[in-house]
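Here's the structure, in structure tokens; my notes come after.
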Amino acid sequence: MKVKEIKINGHLVGPAHPPYIVAELSGNHNGDINRAFQIMEAAKKSGAHAVKIQTYTADTITIDHDGPEFLIEGGLWDGNKLYDLYEWAHTPWEWHEALFGKGRELGLAVFSTPFDGTAVDFLEDLDSPVYKIASFEVIDLPLIAKVASTGKPMIISTGMATFDEIREATETARNNGCGGLVLLHCVSGYPTMVEDSNLRTIPDLAEKFGVIAGLSDHTLGPAVPVAGVALGACLIEKHLTIKRSDGGPDAAFSLEPGELKKLCDGCAQAWESLGRVNYDIKPSEDQNQIFRRSIYVVEDISSGEELTAKNIRSIRPGNGLPPKELPNVLGLHALNNMKRGTALRWEDISSSGTESGEKKI
């Protein structure tokens with residue numbers, strides 16, 4: 001059965017509601033809680049609905065090891081040990097209570113991505129309103145089961161996951177009692193090339209898995225998320241920093257506040273523009289109907305005179321007979337004298353040159 005909406009901190013998320021924008025803090029705090037607060041304030045000012053953090057330590061996510069399997073080759077983090085990267089990027093657990101409190105102060109939802117069971121227990125004590133499963137953890141079914149058992153809504157990113165892995169994750173979440181599910185189409189490239197985005201996957205996720213679908217985006221700039229909303233994304237997640245030039249583990253593919261504002265505005269407008277299937281004349285069009293073409297007298301015509309291509313034409317404005325009637329009225333005759341610039345109407349026409357006023361069928 002297809003899920004129509006979930007609730008995050010009292011805010012409804014689903015196709016019938018404007019897109020829900022989540023600013024990802026990640027490691028962009030650069031080890032400074034005041035910078036984290038600044039990013040949260042910027043998220044609120046830009047129009048985001050929530051800030052997401054990540055809950056792990058270097059020791060809960062990996063081990064301190066120098067072996068080649070624990071070294072990163074290529075990409076943004078080339079040359080780093082996994083342990084050192086996560087030590088650099090993690091959000092200290094002792095900050096979490098203050099970050100959740102800052103969110104309440106700002107009227108901004110705060111939630112997190114837990115990376116192991118101890119993080120879930122810790123976040124439950126903080127009453128996280130929703131949980132996120134990261135793309136790299138979509139194969140960790142025991143973690144998904146534990147998160148689902150809280151009964152909270154879940155958001156699962158699908159980067160790198162195969163169709164079967166997504167199915168397994170979705171089934172695990174549902175079978176263990178999650179309180180609603182959002183699947184985010186995601187490409188785990190940092191940054192992601194626009195041509196790799198494949199946004200047509202968004203409506204397919206919604207259809208195939210019966211979920212609310214969204215987008216976790218790592219492209220540069222706000223354009224791809226706006227397009228995602230046009231294809232049905234109900235939740236957009238995007239990394240945020242104060243200035244990319246400040247550096248940090250995720251700075252290179254993060255938005256600055258002004259860009260997030262453009263994203264929020266663009267996504268809201270994209271959703272509003274979807275409207276409904278509607279072939280009626282819109283209020284904004286009504287006054288412009290006068291500028292459509294219609295049949296007008298373009299040379300003075302005497303009563304009884306034949307209507308020809310010389311004395312009548314289809315021109316703007318639109319007060320006369322519609323252009324489709326032009327073949328039907330040519331060869332008929334005028335019932336009255338008509339001046340150049342007169343809108344032609346059926347009551348001005350005789351089919352026989354008499355005053356019958358009869359329309360030609």
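Exactly one residue among Val229, Val182 is open to solvent by less than 40 Å² (accessible area, probe 1.4 Å), in a helix (DSSP H, G or I) and closer than 20 Å to Ala50 by Cβ, and that residue is Val229.
Here Ala169, Ala213, Ala173, Ala230 are screened, and the one residue that is farther than 24 Å from Ser149 by Cβ and not polar (S, T, N, Q) is Ala230.
Listed by position, the helices (runs of 4 or more DSSP H) contained in region 88-153 that have at least 2 residues being open to solvent by less than 40 Å² (accessible area, probe 1.4 Å), in contact (Cβ under 8 Å) with a residue 24 or more places away in the chain and small (Gly, Ala, Ser) are 117-125, 141-148. Thr55 meets the conditions (1) over 21 Å from Leu215 (Cβ atoms); (2) open to solvent by 40 Å² or more (accessible area, probe 1.4 Å); (3) of a type in the set (S, T, N, Q) in every case but one. The failed one is (2). The set of residues from region 13-49 being crowded, with 17+ Cβ neighbours inside 10 Å, among the hydrophobic types (A, V, I, L, M, F, W, C) and under 13 Å from the mean Cα position of the chain (by Cα) comprises Val13, Ile21, Val22, Ala48.
Of all residues in region 29-46, those that are within 9 Å of Pro257 (Cβ to Cβ) have Cβ atoms under 7 Å from Cβ atoms of residues that are in a loop (DSSP other than H, G, I, E, B) and not aromatic (Phe, Trp, Tyr), 6 or more apart or on another chain, in Ile39/Leu25; Ile39/Asn28; Ile39/His29; Ile39/Thr241; Ile39/Ile242; Ala42/Ile242; Ala43/Leu108.
Between residues in region 293-318 that are over 16 Å from Trp346 (Cβ atoms) and residues that are assigned to a loop (DSSP other than H, G, I, E, B) and open to solvent by less than 50 Å² (accessible area, probe 1.4 Å), which pairs lie under 6 Å by C-beta distance while being six or more apart or on different chains? Short answer, once both residue conditions are applied: Glu299/Asn311; Gly304/Gly353; Arg313/Val298.
Under the condition of being surrounded by 14 or more Cβ atoms within 10 Å (Cβ to Cβ) and hydroxyl-bearing (Ser, Thr, Tyr), the residues counted in region 296-307 number 2.
One residue stands out in region 253-276 among those that are without any contact (Cβ under 8 Å) to a residue 60 or more places away in the chain and among the polar types (S, T, N, Q): the one that is surrounded by the most Cβ atoms within 10 Å (Cβ to Cβ), namely Gln269. For region 277-295, state whether one or more residues are more than 25 Å from Ile8 (Cβ to Cβ), in contact with a helix residue (DSSP H, G or I) (Cβ under 6 Å, 6 or more places away or on another chain) and surrounded by fewer than 20 Cβ atoms within 10 Å (Cβ to Cβ). Yes - at least one qualifying residue is present in region 277-295.
Evaluating Cys267 against the criteria (1) in a loop (DSSP other than H, G, I, E, B); (2) closer than 30 Å to Pro225 by Cα; (3) of a type outside the set (S, T, N, Q) leaves one unmet condition, (1).
The values are calculated or read from the model by the stated rules, or taken from the named source; none is laboratory data. Bear in mind the structure is a predicted one, so any value in this text is a computation, not a measurement. Note: ideal-geometry Cβ built from the backbone for every residue, glycine included; neighbour counts use all protein chains shown. These accessible areas exclude ligands, DNA and RNA; they are computed on the full protein's heavy atoms, side chains included. Shrake-Rupley method; radii C 1.70, N 1.55, O 1.52, S 1.80 Å.
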